[in-house]
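This is the structure I want to talk about, given as structure tokens.
What follows draws every value from the coordinates through simple rules; no lab data is involved. All values reported here derive from a predicted model rather than from experimental measurement. Cβ: placed from backbone, ideal geometry, glycine included. Neighbour counts: every protein chain shown.
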Amino acid sequence: MGVIEDNKEYLKHKHQGGISSSKGNTNEDFYATYQLASYMTDIHPEEVILYGQKENSFVDDLYIDAHGSNIYVQVKDVKSLTWNSGLNGHSILSDFELQKRACEESNEADFKLRLVYSNEQSNIKAIPYSIKECTEVEHFKSADDINACILANDSFKNALHAITNYTNQDDIVALGTAIFGQWATGNKKNISVSSVIDGLKNTKSQYLALKSTPVFLVTEDCRSTFDRIGVTFTQKGNLVSFTYKSFASEKTWNEGIDKAICDGKPSNIFDLLQIINQH
């Protein structure tokens with residue numbers, strides 16, 4: 001038997017409790033709205049799908065399938081949060097450890113666990129060793145409503161600014177509210193980013209004008225250079241995020257950078273970064 005079968009009753013009660021607590025305007029829904037906005041610049045938004053309260057998951061508030069990469073998210077809006085916080089013998093840490101085991105047992109090639117916390121004083125920034133390789137933490141301030149949540153979180157505002165030509169604060173908030181509406185009316189299940197974009201395009205309000213910035217994809221020659229050096233990357237629109245061992249950075253991509261890398265043929269990370277930083 002696997003870890004899911006061994007904990008079937010616990011998962012059943014956890015899922016039922018999650019559904020009950022998710023009714024209404026919760027921070028889980030606000031964070032999901034933020035994620036939808038963030039992925040709207042993705043090259044293939046139809047390949048990014050979000051689920052709220054995923055069944056048979058120990059980390060279950062939000063599940064993101066992004067091009068086959070699975071992200072399990074737990075959103076906690078409590079004071080004095082620690083990895084040992086929890087109820088009935090189950091802590092946040094034990095849930096994350098069990099989710100890691102479940103992913104490994106199902107042979108998930110690419111998965112990430114994420115703990116989102118609202119209180120800056122929470123003692124969770126030091127990730128326990130048992131889950132460190134697959135876990136990240138993110139601060140996301142809570143609020144009483146979606147409007148206040150947008151204004152409280154710069155990352156949320158920036159994601160909205162990236163998908164509209166409008167800069168007025170009221171328009172930005174209106175756009176975020178419209179995305180939140182798409183999430184809520186879709187029952188928070190199996191919501192693709194492309195379906196949300198289509199829903200917004202069908203709305204007549206002027207503030208929903210999405211940017212149509214041409215996207216320049218990382219070329220195959222440049223990909224080969226990354227592979228040779230050992231750099232992994234993801235691309236959302238023209239924003240390329242790349243990682244080398246413990247180093248991570250991002251760059252707005254364009255033809256000039258790509259061509260300079262292909263022409264320069266860097267053989268190590270230092271030469272590569274020198275080229276990138278010159279553009």
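Considering only DSSP states other than H, G, I, E and B, which trypsin sites (Lys or Arg not before Pro) in segment 47-132 qualify as loop sites with at most 15 other Cβ atoms within 10 Å? Kindly include the intermediate steps, with their values, before the conclusion.
On the way: sites: Lys54, Lys76, Lys79, Lys100, Arg101, Lys112, Arg114, Lys125, Lys132; in loops: Lys54, Lys79, Lys125.
Hits after loop and neighbour filter: Lys79, Lys125.
Please list, in order along segment 132-145, the HN-Hα scalar couplings obtained from phi with the Karplus expression 6.51 cos²θ - 1.76 cosθ + 1.60 (θ = phi - 60°), rounded to whole Hz, x for Gly and Pro.
4, 5, 10, 10, 9, 10, 9, 8, 9, 5, 8, 7, 6, 8
5 Å is the cut-off here: which amide hydrogens, built 1.01 Å from N in the peptide plane, fall below it relative to Asp42, excluding neighbours closer than 5 in sequence?
Gly237
OK, next. Rounded to two decimals, what is the ratio between the C-alpha radius of gyration of segment 90-133 and 2.2 N^0.38 Å?
Numbers: Rg = 11.7 Å, N = 44, 2.2 N^0.38 = 9.3 Å.
That works out to 1.26 for segment 90-133.
Still on this structure, I have one more. Go ahead and run the numbers for FRET between Glu47 and Lys112, Cβ-Cβ distance against an R0 of 25 Å, rounding to 0.05.
Details: r = 16 Å, r/R0 = 0.65.
Between Glu47 and Lys112 the formula returns 0.95.
Dividing the alpha-carbon Rg of segment 142-279 by 2.2 N^0.38 Å yields what? Write down the numbers at each step before the final one.
Details: Rg = 18.7 Å, N = 138, 2.2 N^0.38 = 14.3 Å.
Taking the Cα Rg and dividing by 2.2 N^0.38 Å, one obtains 1.31.
Mind checking which of Ser85, Asn153, Ala66 is farthest towards the positive end of segment 65-209's charge dipole, using Cβ charges of +1 (Lys, Arg) and -1 (Asp, Glu) about the Cα centre?
Asn153
In addition: If you place +1 on the Cβ of every Lys and Arg and -1 on the Cβ of every Asp and Glu, how big does the dipole about the Cα centre of segment 48-136 come out, in debye to the nearest 20?
I would put it at about 320 debye.
What percent of all Cα-Cα pairs in segment 71-214 falls in each 5 Å bin, counting up from 0?
Percent of Cα pairs in each bin: 2, 8, 15, 16, 16, 14, 13, 9, 5, 1, 0.
Another one. Find how much the distance from Leu151 to Leu239 grows on full extension, using 0.36 nm per residue of separation minus their present alpha carbon separation; answer in nm with one decimal.
Details: separation 88, 0.36 × 88 = 31.68 nm, distance 2.34 nm.
Taking Leu151 through Leu239 to full extension adds about 29.3 nm, to one decimal.
Here's something else I'd like to know. In whole Hz, what ³J(HN,Hα) sequence does segment 154-162 give by Karplus (6.51, -1.76, 1.60; θ = phi - 60°), x for Gly and Pro?
4, 4, 5, 4, 5, 5, 6, 4, 6
Based on Cα positions only, what radius of gyration and what Dmax would you give for the chain, in angstroms?
Computed over the Cα atoms of the chain, radius of gyration and Dmax are 20.0, 60 Å.
Residue by residue, what Karplus-based ³J(HN,Hα) values in Hz, rounded to whole numbers, does segment 31-44 have, using 6.51, -1.76 and 1.60 with θ = phi - 60° and x for Gly and Pro?
5, 4, 4, 4, 5, 4, 4, 5, 8, 6, 8, 5, 5, 10
Using the Cα centre of the chain as the reference point, and only Cβ charges (+1 on K/R, -1 on D/E), how large is the resulting charge dipole? Debye, rounded to the nearest 20. Could you put the intermediate results ahead of the total?
Details: 27 positive and 37 negative charges, 67 e Å.
Using only the charged Cβ atoms, the result is roughly 320 debye.
Starting from the coordinates of the alpha-carbon atoms of segment 220-277, obtain the Kirkwood hydrodynamic radius over all distinct pairs and give the value in Å to one decimal. Provide the component values of the computation, followed by the final result.
On the way: mean 1/r = 0.0884 Å⁻¹.
Across segment 220-277, the inverse of the average 1/r is 11.3 Å.
Search the structure for amide H atoms under 5 Å from the amide H of Trp253, placed 1.01 Å from N in the peptide plane, and list their residues when 5 or more places away or on another chain.
So Trp253 has HN proximity to Leu239, Val240.
Now for a separate question. Under Stokes-Einstein, with the Kirkwood radius over Cα pairs standing in for Rh, what whole-number D in µm²/s applies to segment 149-201 at 10 °C and 1.306 mPa s? Working shown, then result.
Working: Rh = 11.6 Å.
Taking Rh from Cα pairs, D becomes 137 µm²/s.
Determine the alpha carbon to alpha carbon distance for each of Lys76/Lys100; Lys141/Lys251; Lys79/Lys201; Lys141/Lys188; Lys12/Lys188; Lys100/Lys157 and list only those over 28 Å. Intermediate values should be presented prior to the final figure.
Working: Lys76/Lys100 19 Å; Lys141/Lys251 26 Å; Lys79/Lys201 39 Å; Lys141/Lys188 21 Å; Lys12/Lys188 19 Å; Lys100/Lys157 32 Å.
Lys79/Lys201; Lys100/Lys157, as the Cα separations exceed 28 Å there.
Subtracting the Cα-Cα distance from 0.36 nm times the residue separation, let me have the gained length for Gln121 to Lys259 in nm, one decimal.
45.2 nm
Charges only on Cβ, +1 for Lys and Arg, -1 for Asp and Glu: so what's the dipole of segment 220-277 about the Cα centre, in debye to the nearest 20?
Numbers: 7 positive and 8 negative charges, 38 e Å.
For this selection, approximately 180 debye.
Evaluate the distance, in nm, between pseudo-label points positioned 7 Å from the Cα of Tyr10 and of Glu55 along their respective Cα→Cβ axes.
The two pseudo-label positions are separated by 2.0 nm.
Please report the spacing between the Cα centers of segment 252-279 and segment 92-114 in Å, no decimals.
35
Over the chain, what relative contact order in percent results from Cα pairs under 8 Å that are six or more residues apart?
Working: 410 pairs, mean separation 48.5, N = 279.
Across the chain, relative contact order equals 17 percent.
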